[in-house]
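Structure record follows, encoded as structure tokens.
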Amino acid sequence: MDILACPICKGDLELNVTEETDEIITGTLYCGKCDEYYPIEDGIPNMLPPDLRE
Amino acid sequence: MKNEKEIKQFVKDRYASIASNEDSCCSCCNCNTGIVEHAKSIGYSEAEIRNIPDGAVMGLGCGNPTALAELKAGETVLDLGSGGGVDVFLAAQKVGENGNVIGVDMTSEMLEKARENVKVGNYKNVEFRAGEIENLPVEDNSIDVVISNCVVNLSPDKLATYKEVFRVLKPDGRVLISDIVTEGELPEDIRQSFDSWTECIAGALETQEYLDTITKAGFRDVTIVAKHPFCEPGMDDRLAGKITSIQVQAYK
């Protein structure tokens with residue numbers, strides 16, 4: 001997780017964990033510069049641009 | 001030229017259906033000989049296939065990038081278009097517990113499959129992210145080696161992809177990428193076909209154009225380290241001799 005970056009501006013992300021076991025299961029990554037949230041679901045950060053997300 | 005967004009959606013849908021087994025025969029798989037035989041034909045050894053979870057080997061790809069990448073213990077590796085995770089898991093064994101392997105894929109069905117395989121294989125040094133290879137969700141100068149297996153040809157913007165790869169690599173970092181290139185003109189109807197794009201043909205560049213794209217992205221010492229003719233049962237006769245699988249190495 002520590003080398004994750006915003007796919008748009010490549011800047012740092014703010015991690016917010018909602019569920020964690022030995023790894024982060026659910027949460028969000030937030031880019032302050034782009035004002036964009038990236039969800040973490042089932043342990044996988046979804047770093048797709050919003051228009052390609054399901 | 002096709003609309004980039006349309007291409008992406010088409011590729012995403014096709015590989016989602018392959019991951020869900022709705023699409024029994026993919027571009028890069030030979031249904032008659034089976035997935036394991038096909039994997040061996042593109043460069044995997046029997047031992048490699050037996051040492052990773054069954055579900056990771058999907059018969060996709062056109063080479064075995066980790067076999068040629070000379071991965072060292074402790075390295076951080078990024079796999080573009082990681083699919084079921086086959087090359088991520090092979091790399092994970094090579095870089096060991098102090099190394100780390102990250103798989104990026106834009107298809108959620110593939111990522112779910114990869115995650116199941118992580119549990120089966122109990123891997124501790126791998127992670128998967130949903131992302132685009134043209135906009136990698138990875139910090140600058142953070143990766144030792146980028147690998148990829150028959151994926152960059154699917155991208156509608158290969159220069160953007162290689163520029164992103166260059167950005168995330170550490171200085172002197174390297175790529176070892178298996179991909180499809182073409183020789184000579186392809187029939188127009190094939191170039192224009194979405195199906196052919198998802199089968200790794202219509203989006204493939206000519207060899208020199210492909211190498212020039214990597215150089216243009218900033219890389220040095222761009223070298224083809226292995227190549228072989230790529231041919232599939234059922235492939236259009238007009239493509240005979242025009243499709244090649246190459247393994248490319250380059251340095252930042």
For the stretch B:218-239, the count of residues that are touching a helix residue (DSSP H, G or I) at 6+ places or on another chain (Cβ under 7 Å), without any contact (Cβ under 8 Å) to a residue 60 or more places away in the chain and open to solvent by 20 Å² or more (accessible area, probe 1.4 Å) equals 3
Which one is modelled with the lowest pLDDT, of the residues in the stretch B:29-43 that are part of a loop (DSSP other than H, G, I, E, B) and within 20 Å of B:Lys113 (Cα to Cα)? B:Cys29
Residues of the stretch A:40-54 being over 9 Å from the mean Cα position of the chain (by Cα), on the phi < 0 side of the Ramachandran plot and either modelled with pLDDT of 95 or more or within 7 Å of chain B (Cβ to nearest Cβ) (or both), in sequence order, are A:Leu48, A:Pro49, A:Leu52, A:Glu54
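Residue-by-condition table, conditions (1) at pLDDT below 95; (2) open to solvent by less than 30 Å² (accessible area, probe 1.4 Å); (3) among the hydrophobic types (A, V, I, L, M, F, W, C):
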residue: B:Arg191; (1), (2), (3): yes, no, no
residue: B:Phe194; (1), (2), (3): yes, no, yes
residue: B:Lys216; (1), (2), (3): no, no, no
residue: B:Gly241; (1), (2), (3): yes, no, no
residue: B:Val248; (1), (2), (3): no, yes, yes
Taking the residues in the stretch B:75-105 that are surrounded by fewer than 24 Cβ atoms within 10 Å (Cβ to Cβ) and within 12 Å of chain A (Cβ to nearest Cβ) as candidates, determine which candidate is farthest from B:Asp54 (Cα to Cα). B:Thr76
All positions within the stretch B:166-199 that are within 27 Å of A:Cys9 (Cα to Cα) and either within 13 Å of the chain's Cα centre (by Cα) or of a type in the set (Phe, Trp, Tyr) (or both): B:Phe166, B:Val175, B:Leu176, B:Ile177
All but one of (1) surrounded by 24 or more Cβ atoms within 10 Å (Cβ to Cβ); (2) over 25 Å from B:Leu154 (Cα atoms) hold for B:Glu70, so report the exception by its number. (1)
Quick check on the stretch B:127-180: of everything there that is polar (S, T, N, Q) and either without any contact (Cβ under 8 Å) to a residue 40 or more places away in the chain or under 22 Å from B:Ile246 (Cβ atoms) (or both), which residue is surrounded by the fewest Cβ atoms within 10 Å (Cβ to Cβ)? B:Asn141
Would it be correct to say that B:Lys124 is within 10 Å of chain A (Cβ to nearest Cβ), open to solvent by 40 Å² or more (accessible area, probe 1.4 Å), of a type outside the set (Asp, Glu) and more than 17 Å from B:Thr213 (Cβ to Cβ)? yes
Counting only residues that are surrounded by 14 or more Cβ atoms within 10 Å (Cβ to Cβ) and more than 9 Å from chain B (Cβ to nearest Cβ), the stretch A:10-25 contains a total of 3
If we keep only residues of the stretch B:106-120 that are over 16 Å from B:Tyr15 (Cα atoms) and buried (at least 20 other Cβ atoms within 10 Å of the Cβ), then the residue nearest to the other protein chains (Cβ to nearest Cβ) is B:Val118
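The values are calculated or read from the model by the stated rules, or taken from the named source; none is laboratory data. From a predicted model like this one, the values you see are computed outputs, not experimental measurements. Cβ atoms come from the backbone with ideal geometry, glycine included; neighbour counts cover every protein chain shown. Accessible surface is based on the protein model in full, side chains and every heavy atom, while ligands, DNA and RNA are left aside. Shrake-Rupley method; radii C 1.70, N 1.55, O 1.52, S 1.80 Å.
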